Every structure is written in C-alpha cells, then in structure tokens.
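Report on one structure; see the data block that follows.
The values are calculated or read from the model by the stated rules, or taken from the named source; none is laboratory data. No experiment lies behind these values; they were computed from the predicted model shown. Reconstructed Cβ throughout: ideal geometry from the backbone, glycine too, with neighbour counts over all protein chains shown. Heavy atoms of the whole protein, side chains included, go into the accessibility calculation; ligands, DNA and RNA do not. Shrake-Rupley method; radii C 1.70, N 1.55, O 1.52, S 1.80 Å.
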Amino acid sequence: QFNRAVRAWVNITTLNFADALADVNASFLDPAKPMSYGAYHTFSTTPNDALNGLFDPTGRQLYASRQFADSAQLKSPGGAPDDRFTTKLITLTELTGGASDSVSRYGFNIRYSFKIYPTNTTPGVVMKNEQLLLIRAEANIGLGNNSAAIADINLVRAASGGLPPISDPYVP
C-alpha cells in the first residue's frame, strides 16, 4: 500500500492521472481515518539510532518564509489563519517571550520558525492520508472529475485547515 502511495505521487508528477488514480485507490488512503494517518520515519535516542535533525528548540536554525503567513487563508474574513499555518509555524516573538520580533539572517528579516517537530524524537512524515487525498483530487482534476476532486479538497480544507468548503462547481 505504501508503494502504491509513492507510485501515485510519481504518476502525478508525470501527469499520468489515470494511473495515479488507480495507485492512490490501491494505497492506504482512507478518508474515514485522521489526516495524519500514514507512514512515518521513527527517531529515537537508542544507541545507533538517529535523532530528528529538523527539531529546532530555539527557532534560530530552521526558518519559515513569510510567504506562508502572507498566503495562509483566513477561516473567516478578518479571522484566524488556516490551522495548517498556526499548527506548523511560530513567531520568533512567541519563542523568545517577546524579546525579539524578528532576526536578520543573510540579509533577510526572519519572523517565523517551524514548530512541526516538538522533540528530537518526533516521527517524520513520509506520506499521510492528507497527501493521498490531495493526490486523488489532482488526479481527478486531470481526468475532468472536478466534483470528486472538490469533495476531497473540502475534506482536507475542513479537517486540516478548519476552513469552509469551496463551491462545486468552483468559482474563484
């Protein structure tokens, strides 16, 4: 099932939508399970195991682009940003207790850091349900099955982002 998930992703990148759809449907995709359901790489402190190198307790090593903040959809007009933004990024002000609003690195003012990995043993996502739903949506769009794609997109928007559904047919 994991191999089918990876193959579905590869087929999407090569615009082979029919095979991508067949592969994603043969993968571990399960819309009834949480968006986080999937395959993970495990880290541990056991001798000869590796720690998660993306763990950044100070927020001073792995920075996030301001574009994430600028492009995050709002849950409602003037409301809070999409949950996918608020659960994955933190402002440096929050990390430093208000001591610094931003830091300058390589000529850029950095304001955000990632908070995806709260410990050095937090498992790393390889592929999860959310990604498979979006692969299936993209395959369906490529095949002209827009209503099926919108249903998957809306499931991800609601479950992962806390966002309202988009219309079917979609009108930007």
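General observations
- Pair list, Cβ under 9 Å, 6 or more apart: the range 129-143 residue free of Cβ contacts under 8 Å to residues at least 60 places away in the same chain, other residue buried (at least 22 other Cβ atoms within 10 Å of the Cβ) and among the hydroxyl-bearing types (Ser, Thr, Tyr): none
- TYR40 being in contact with a Gly (Cβ under 8 Å, 6 or more places away or on another chain) and hydroxyl-bearing (Ser, Thr, Tyr): yes
- Selection status of ALA64, touching a residue at least 24 places away in the same chain (Cβ under 8 Å) and hydrophobic (A, V, I, L, M, F, W, C): yes
- Within the range 73-90, considering residues that are out of contact with any helix residue (DSSP H, G or I) (no Cβ under 9 Å at 6 or more places or on another chain) and not in a helix (DSSP H, G or I), the one modelled with the lowest pLDDT: ILE90
- Scanning the range 30-72 for residues that are of a type outside the set (A, V, I, L, M, F, W, C), surrounded by 14 or more Cβ atoms within 10 Å (Cβ to Cβ) and part of a loop (DSSP other than H, G, I, E, B) yields a total of 6.
- Whichever residue in the range 120-146 is open to solvent by 60 Å² or more (accessible area, probe 1.4 Å) and over 15 Å from the mean Cα position of the chain (by Cα) and, among such residues, is nearest to THR14 (Cα to Cα): GLU138
- Flag if THR93 is over 21 Å from the mean Cα position of the chain (by Cα), more than 27 Å from PHE2 (Cα to Cα) and β-branched (Val, Ile, Thr): yes
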